[in-house]
Amino acid sequence: QVQLVESGGGLVQPGGSLRLSCAASGSGFSINTMGWYRQAPGKERELVATITSFGGTNYADSVKGRFTISRDNAKNMVYLQMISLKPEDTAVYYCNAVNLYGIQYWGKGTLVTVSS
């Protein structure tokens, strides 16, 4: 079984930056795609960014040009570098991983608050 643990959330001012990390650990099938999702107050959970084991990425339109997803394949870690943060980015950010058999794993989330 795979466990995902997010870290790096916190309070940041508009225009600031923050870097989120997610570590995948435990026994399980090999991880393929990893990504970040978020859920803002009063909204549904939405995709933020994903990255494949080969480095292919996709981003939500709302974060393109501001967020960068990266990963360490050897350690099954994924990162989300966020810059030019806006109040609209305030949400609980969840780490997601999918193994080679299509089974999904989720972290418990880390809160990002963008406020002056």
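Side notes on the structure shown:
- Taking every Cα-Cα distance in region 1-47 and sorting them into 10 Å bins starting at zero, the pair-distance distribution P(r) comes out as 19, 42, 30, 9 percent.
- Gyration tensor (alpha-carbon) shape descriptor, region 49-116, a/c threshold 1.5: prolate
- Rounded to whole Å, sorted largest first: equivalent-ellipsoid semi-axes of region 21-82, Cα gyration tensor: 22, 14, 10
- Most positive-pole-ward Cα, Thr90, Gln3, Ala23, against dipole of region 1-101 from beta carbon charges: Ala23
- Normalising the Debye intensity of the chain to I(0), with uniform scatterers on Cα atoms only, and taking log10 at q = 0.10, 0.14, 0.23 Å⁻¹ returns -0.26, -0.52, -1.31.
- Test item: Cα-centred dipole of the chain, Lys/Arg +1 and Asp/Glu -1 on Cβ, debye: 100
- Of the residues Ala60, Gln104, Met34, the one whose Cα sits farthest towards the positive end of the charge dipole of the chain is Met34 (charges of +1 on Lys and Arg Cβ, -1 on Asp and Glu Cβ, taken about the Cα centre).
- Net +/- balance of residues flanking Gly109 in space, Cβ distance below 11 Å, scoring K and R +1, D and E -1: +2
- Region 77-116 - percent of accessible surface contributed by carbon and sulfur, probe 1.4 Å: 56
- Surface exposure of the chain, expressed per residue as accessible area with a 1.4 Å probe, stands at 53 Å².
The values are calculated or read from the model by the stated rules, or taken from the named source; none is laboratory data. Not measured: the values here are computed from a predicted model. With ideal geometry, Cβ positions are generated from the backbone for all residues, glycine too; neighbour counts draw on all protein chains shown. The protein model used for the area step is the full one, side chains on, heavy atoms only, and it has no ligands, DNA or RNA in it. Shrake-Rupley method; radii C 1.70, N 1.55, O 1.52, S 1.80 Å.
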